[in-house]
Amino acid sequence: MKDKILEVKNVYANVEDKEILKGLNLSVKKGETHVIMGPNGAGKSTLGNVLMGNPTYDVTKGSVKFMGENITGEDADKIAKLGMFMTFQNPIEVPGITLSNFIRSAYQNKMGGRIRIFEFKKKLKAAMEKLNMDPEYADRDLNVGFSGGEKKKAEILQLLMLKPELAILDETDSGLDVDSVRTVSAGVKAYKEETGGALIIITHSTRILESLDVDYTHILVDGKIVKTSDASLVDEVNRDGFEKYE
Amino acid sequence: MKEKTRVDDVDRSIYDIKNKDKDAYRFDSGLTREIVMQLSEEKNDPMWMRKFRLKCLDMFNNMGFPQWGPAIDGLDMDNIVTYVRPKDNKMVADWDEVPEEIKTTFERLGIPEAERESLAGVGAQYDSELVYHNLKEDVKAQGVIYSDLESELHGPYAEMIHEHFMKLIPPEDHKFAALHGAVWSGGSFVYVPPGVKVEIPLQSYFRLNAPGAGQFEHTLIIVDEGADLHFIEGCSAPKYNIANLHAGAVELFVGKNAKMRYSTIENWSKNMYNLNTKKARVEEGGSVEWISGSFGSHVSYLYPTSILAGRGASSEFTGVTFSGGGQDLDTGCKAIHLAPETTSFVNTRSISKDGGKNTFRSSVVVMPQAKNAKASVSCESLMLDSISRSDTIPAMDIRTQDADIGHEAKIGRISDDAVFYLMSRGLSEEEAKALIVSGFADNVSKELPLEYAVEMNNLIRLEMVGAIG
């Protein structure tokens with residue numbers, strides 16, 4: 001399976017000695033869109049954090065392979081350089097560096113080599129337009145004083161600029177108004193179209209999915225994937241909830 | 001961050017290059033009447049200064065070492081050389097006339113380049129004497145004086161200097177003020193005439209090259225009524241295994257409705273005892289702003305003081321102190337409100353790592369006549385590991401009911417979530433932490449001219465990445 005980019009095998013993971021993931025399996029091929037749904041506390045965000053290499057989470061068993069490399073227990077920066085990206089539910093504020101300079105250095109880190117400032121600014125401006133972002137945000141300190149919606153947009157802006165092989169969207173749509181969800185969703189769609197990258201969308205709601213083609217939907221309950229199906233599962237969950245899986 | 005700029009390539013090695021001092025003229029170590037008189041002779045001091053130095057020496061000998069701050073046992077005055085100058089030194093206003101080796105040192109530190117690009121005037125001191133002093137013609141034409149104190153003692157401003165010299169920082173202040181009075185050498189004299197606004201900053205750079213030496217420069221600045229000045233001070237030294245001492249003095253006289261901003265980036269080597277004294281006196285409606293970045297030295301005692309003497313005078317202190325392993329930095333500031341409607345603001349950050357020790361010490365005094373005074377002190381500390389230490393000692397002495405006083409202190413650690421967030425974008429752990437620390441210190445960096453802000457962030461990165469990698 002050459003185009004398999006992510007393979008999660010029987011992963012068990014703890015946070016502060018509490019077992020959250022209990023034998024999780026998942027595989028993602030190039031360009032696929034996977035949706036992860038599940039009740040609160042099932043381990044959805046833990047999955048994202050484990051994949052991205054958050055050191056707060058301990059993988060006690062199993063393995064994660066990404067882009068052909070074993071990344072179990074690897075540092076987040078190495079995983080990012082291999083082409084994984086995750087949007088955060090609560091992006092942190094970093095005074096002292098502008099959004100633009102931050103993305104530029106992350107971009108250079110990932111792509112290697114330097115990008116000319118003029119060329120970079122042009123790309124950044126185009127991406128910001130897609131997200132209806134006020135260009136003035138580029139020169140503001142990273143996430144400092146951004147509204148919830150602007151922070152989420154700034155995350156999607158980084159997604160558009162960094163063009164990862166696999167993007168994990170962790171509850172990107174939560175707390176956003178209808179218009180912002182639409183904008184964010186359009187941004188995610190642009191990412192898919194421009195890069196052919198794969199997506200893992202962790203979500204409670206379906207609004208963000210409206211303009212995207214979903215290949216697989218997984219139900220995550222108590223640390224395991226209990227059901228996998230196509231996009232139609234999303235509607236079913238919306239109708240019936242998770243009760244019958246719990 | 002790989003944001004390249006001209007100063008991005010600084011690393012410790014630039015500060016650490018030592019020049020041999022075979023060509024230097026130096027006094028014997030220790031402190032005696034003979035040495036002080038020899039210094040007066042060397043400098044051709046006027047009679048009052050000769051007497052003053054000897055008076056200060058007596059006071060120094062009769063005063064005890066401070067008992068309340070970091071230990072200074074490692075400092076033995078018998079081993080400190082009070083005066084070292086390049087042989088056949090003369091101060092010039094042309095870099096090409098500065099001795100080659102010394103010129104190269106300042107070039108490495110980026111001083112001549114900064115002068116061309118962003119400064120109105122530069123003074124460069126090497127050990128005990130100035131080797132270079134220059135002021136742009138258009139600033140000179142406005143009547144601004146920027147020179148070394150020694151030559152001005154024999155010039156038209158001699159009387160003005162006599163009236164002000166060590167009046168804000170009398171030798172009675174403390175043992176090292178007395179020491180300074182006895183052996184001061186070098187530094188700058190600045191006078192800005194009434195109403196003159198100096199648009200771009202002046203800078204003095206102090207480089208201590210000689211091992212086991214002391215640097216005792218005196219900076220005296222008088223900003224007359226309604227005038228405006230930004231002065232930048234930079235300091236560095238290569239590292240030696242024996243103690244070096246810096247006991248400079250800065251006296252700022254800020255006239256009615258005048259504005260003075262005094263910025264310092266201090267990067268002494270880690271064998272330095274930095275026992276420096278800075279004071280400003282601000283008249284009615286005037287303001288002083290201190291911007292202070294303390295990175296180097298083994299031990300520091302540093303508390304810039306603002307005396308708010310006239311109605312509506314104000315002071316603002318913005319500082320950051322970074323202590324790494326083996327450093328014990330006791331820094332802070334003082335504000336003394338002597339008149340109504342005076343205001344003082346203090347905003348400091350301190351960072352400690354690898355067992356470094358930071359003490360923030362402040363004192364706000366509001367006298368009974370200072371009705372409607374306003375003071376606010378805010379300090380935040382960041383400890384990067386569990387072996388480092390941070391203390392906060394704010395003192396307030398408020399003697400009127402009609403004052404508005406606030407104080408806020410916070411101590412914290414770098415959040416793991418923040419580091420993970422930045423690493424998830426491809427930054428290494430060191431880079432992520434350096435970025436967070438730079439951001440934490442941005443109260444200071446955003447107040448500095450761009451080149452200095454970049455240099456400061458480079459120093460932070462150097463401290464951060466050096467220790468982890």
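Read the figures in this text as sums done on the coordinates, not as results from a lab. Since this is a predicted model, take the numbers as computed values, not measurements. Glycine gets a Cβ as well: all are built from the backbone with ideal geometry, and neighbour counts include every protein chain shown.
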So who's got an amide H within less than 5 Å of the one on B:Asp391, skipping anything under 5 residues away but keeping other chains? H placed 1.01 Å off N, in plane.
B:Asn358, B:Thr359, B:Phe360
How far apart, in nanometres, would the label points at B:Ser415 and A:Asn132 be if each is projected 7 angstrom from Cα along the Cα-to-Cβ direction?
2.8 nm
Length-normalised contact order of region A:59-156 in % [C-alpha pairs under 8 Å, at least 6 apart]
34 percent
May I ask for the longest run of chain B untouched by GluC sites (Glu not before Pro) that are loop-located per DSSP and have at most 14 neighbouring C-beta atoms (other than their own) within 10 Å?
B:200-469
According to a simple spin-label model (label point 7 Å from Cα along Cα-to-Cβ), what is the distance in nm between B:Ala395 and B:Glu199?
4.5 nm
As computed over region B:19-302, the Cα convex hull volume per residue (Å³)
121 Å³
Just to confirm the number: angle between the C-alpha axis of helix A:99-111 and the first principal axis of chain A, 0 to 90 degrees, nearest 10?
70 degrees
Kindly give the semi-axes, whole Å and largest first, of the ellipsoid equivalent to region B:318-469, taking each as the square root of 5 times a Cα gyration tensor eigenvalue.
34, 16, 13
Report the antiparallel proportion of the DSSP beta bridges in the protein assembly as shown as a percent, rounded to a multiple of 5.
20 percent
Pop the C-beta distance of A:Ala190 and B:Asp402 into the FRET formula with R0 = 56 Å and round what comes out to the nearest 0.05.
0.40
Based on Cα coordinates alone, diagonalise the gyration tensor for region B:365-407, multiply each eigenvalue by 5, take square roots, and list the semi-axes in whole Å, largest first.
32, 9, 5
Computed from every Cα-Cα pair in region A:80-166, P(r) in 10 Å bins starting at 0 and rounded to whole percents is 17, 54, 28, 1
Please find the FRET efficiency linking A:Val59 to A:Lys4, where r is the Cβ-Cβ separation and R0 is fixed at 30 Å, and quote it to the nearest 0.05.
0.95
Å³ per residue enclosed by the Cα convex hull of region B:166-215:
106 Å³
Where Rh is the Kirkwood radius over the Cα pairs of region A:14-148, the temperature 20 °C and the viscosity 1.002 mPa s, what D in µm²/s does Stokes-Einstein return?
123 µm²/s
Trypsin sites (Lys or Arg not before Pro) restricted to region A:77-153 and DSSP loop, no more than 14 other C-beta within 10 Å:
A:Arg114, A:Arg116
What pairs in A:Lys151/B:Lys374; A:Lys4/A:Lys110; B:Lys279/B:Lys433 have C-alpha atoms more than 25 Å from each other?
A:Lys151/B:Lys374; B:Lys279/B:Lys433
Prolate/oblate/rounded label for region B:21-74 (Cα gyration tensor, a/c 1.5):
oblate
Per the C-alpha gyration tensor (a ≥ b ≥ c, the square roots of its eigenvalues), the protein assembly as shown is rounded if a/c is under 1.5, else prolate if a/b beats b/c, else oblate; here it's prolate
With only alpha-carbon atoms counted, please give the Rg and Dmax of chain A, in Å.
17.6, 55
If you average the alpha carbon positions of region B:394-469 and of region B:218-246, how far apart do those two centres end up, in angstrom?
23 Å
Calculated FRET efficiency for the pair A:Lys29/A:Glu243, C-beta based, R₀ 30 Å, to 0.05
0.45
How many percent of DSSP beta bridges within region B:19-302 run antiparallel, rounded to 5?
20 percent
Region A:121-204 shape via C-alpha gyration tensor axes, a/c threshold 1.5:
oblate
So what are the ³J(HN,Hα) numbers for region A:201-214, from phi and the Karplus equation (6.51, -1.76, 1.60; θ = phi - 60°), rounded to whole Hz, Gly and Pro as x?
10, 9, 8, 9, 10, 10, 4, 5, 8, 3, 9, 10, 8, 9
